[in-house]
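Let me begin by presenting the structure, written as structure tokens, before commenting on it.
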Amino acid sequence: MAQDPTLEEEVFTGRLNWALWRKVLVFAKPYRRQLIGLIALAGLVAGLDLSFPFIIGSIIDGLYRHEATGADPRLGARLALYLALIVTFAICIWGFIILCGKITVGVSHDIRKAAFEKLQDLPFSFYDRKAVGWLMARLTSDTNSLSRIMGWAMLDLSWGSISIIAVTTAMFVMNWKVAIVVLVILPPLVIVSRFFQ
């Protein structure tokens, strides 16, 4: 029986251990192709996200310019392009949901298998100090969290980074003065947001 029957969750108070994360990232190696596909789809979705305001703006501008005649000759082409982009956007979202699912399930399986093999090698005295139920609960919970990080966090990181770079580039192309004002406001916002986390 475990010495402490009321085992509580261990609260992390130390610094981030990069050596430990390198060991965890080894489990993502077999899914390199899926990760590359995920990053590529995230880049494509970020580009599509950026294109929607431009296309909607061109549709509205075209209607405004041809208000007197009531018909924009290029309206059909613009609407068809907009519809094609929406369909492409939906296919990309479907694609990265499938890729994230494959990565998450695969990494989860591999970590659980490695953990189970490790638990089989431990001496019986280890199980006298740790409750088996607690170990199983931690293993299940932590494995789910780690496998989700491999898929969904990678997607969020790549999509967010590419979106920020694309939007910043578009702002400088459209109006560099406004872009500088936005970038000057950004650092104080980042500092203030740290207090609300």
Region 30-195: Cα Rg divided by the 2.2 N^0.38 Å rule of thumb: 1.58
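Taking R0 as 30 Å, what's the FRET efficiency between Ile55 and Ile191 from their Cβ-Cβ distance, rounded to 0.05? Spell out each step's value before the answer.
Working: r = 35 Å, r/R0 = 1.18.
Here the calculated transfer efficiency is 0.25.
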Simple spin-label estimate for Arg129 and Arg148 in nanometres, 7 Å along Cα-Cβ: 3.0
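Compute, for the chain, the length of the dipole vector about the Cα centre, with Cβ point charges of +1 (Lys, Arg) and -1 (Asp, Glu) only. Units Debye, rounded to 20. Mind showing how you got there, number by number?
On the way: 19 positive and 14 negative charges, 109 e Å.
With Lys and Arg at +1 and Asp and Glu at -1, about 520 debye.
Calculated FRET efficiency, Leu81 and Glu117, Cβ-Cβ r, R0 45 Å, to nearest 0.05?
Values: r = 54 Å, r/R0 = 1.19.
Computed FRET efficiency for Leu81 and Glu117 comes out at 0.25.
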Choice from Leu99, Leu183, Leu146 with maximal GNM fluctuation in the chain (Cα, 10 Å cutoff): Leu183
Region 105-174: Rg to Rh, with Rh as the Kirkwood radius over Cα pairs: 1.34
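Every number in this text was worked out from the coordinates using simple rules, so none of it is lab data. What you are looking at is a predicted structure, and each value in this text was computed from that prediction instead of being measured. Note that each Cβ is placed from the backbone with ideal geometry, even for glycine, and that neighbours are counted across all protein chains shown.
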